[in-house]
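A short worksheet on the structure shown next.
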Amino acid sequence: MGTSHIVDLFVLVLSRCTDSLLHPHGLASLIRRLKRSYSESRDFSGGVPYEILPLGCLSDKGSNDIPISKLDEFACHNPIFLGQKEIDIQDCKCKVFSCEIIEYWLSSKKYDTCYQPFYPTWLISSLIICLKAKLLGFNEIIDIGSGDARIPYCGELVGLRGISVELDSNLVELQQRIISLTGVEFEILNSDACNTSFKGMNLSKPLFLISGLPEQGEVLAESVAENLIQQEISFSILGFVLMGSHTMKQYSRDHSLYGWGHFVAKHKLNILDSLTLPTMWTNEQSIDTPFVFLLWK
């Protein structure tokens, strides 16, 4: 990707309102505070997967474009979200959902090319990722290993073209159910992203989200990158979102850039931004997951 395309991207970003550009970071900070406060409260019972959906405080952030009711609808029609309770967290009215993912987690493990079993990013975190993608000038968000497709769903809500790439047929059935019950239509590719053809899909400015943490997700990211290179598709802008980690194991192969430094250097990716957001695998941790937004030159 040429330098002129990089310049075009940043011109587009800088032309946006400064407050809007910072908006996802403010939302991310709010969600992290709510999670931290809840985990320290007497309402919290450890060991049970949960998600927080803020209801009453986002309007104070000038966020009329945040479709909380459609996020609530996604949760209500998704069997992963079992119970719910409404509580105030730091004077913010919230719904706290208890979740059960073991059925889909086990289902996703049966595939040889499953590099990371299904363990989702929070629903509100998915929306913030999509808001950031839109502000960065991308038109399509393609979730590789999409699980229940919460990111493509949120992409459609904010005006992106949401595309799900999911290998597990059980999860694809769940995605189709969500489309049917919510009326939010995103595209589903029931295939292995390592050899999925993206030709003929009329992609212009796609952002590929790799649903895999460092080390487990590195093989998937490399396979997707190689697949795109072999297809020789021309995009005006092409980006990646990678899930990283703020804490590295002692013997991790890569301690740089949240565990993705070697991949970024190998493919000459430009760092656009990063957001740290709650995910279900960080529920019991004080440090959440960094999502790194990258531009392929």
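The values are calculated or read from the model by the stated rules, or taken from the named source; none is laboratory data. Because the structure is a prediction, the values reported are computed rather than measured. Every residue, glycine as well, gets a Cβ built from its backbone with ideal geometry; the counts of neighbours run over all protein chains shown.
The residue of the range 143-160 that is farthest from Ser197 (Cα to Cα), among those that are acidic (Asp, Glu) and outside any helix (DSSP H, G or I), is Asp148. In a residue-by-residue description of the range 131-142, the property of being modelled with pLDDT of 65 or more, outside any helix (DSSP H, G or I) and touching a Cys at 6+ places or on another chain (Cβ under 9 Å) applies to at least one position.
Residue check: Val172 meets all listed conditions (1) of a type in the set (Val, Ile, Thr); (2) farther than 21 Å from Ile129 by Cα; (3) crowded, with 21+ Cβ neighbours inside 10 Å but one, namely (3). Of all residues in the range 32-47, none that is hydrophobic (A, V, I, L, M, F, W, C) and at pLDDT below 85 has its Cβ atom under 8 Å from the Cβ atom of a residue that is surrounded by fewer than 16 Cβ atoms within 10 Å (Cβ to Cβ) and outside any loop (DSSP other than H, G, I, E, B), 6 or more apart or on another chain. Within the range 252-283, being part of a loop (DSSP other than H, G, I, E, B) and out of contact with any Gly (no Cβ under 6 Å at 6 or more places or on another chain) holds for Ser252, Arg253, His255, Ser256, His267, Lys268, Pro278, Asn283. In this structure, Glu222 does satisfy being within 20 Å of the chain's Cα centre (by Cα), closer than 22 Å to Ile151 by Cα and surrounded by fewer than 17 Cβ atoms within 10 Å (Cβ to Cβ).
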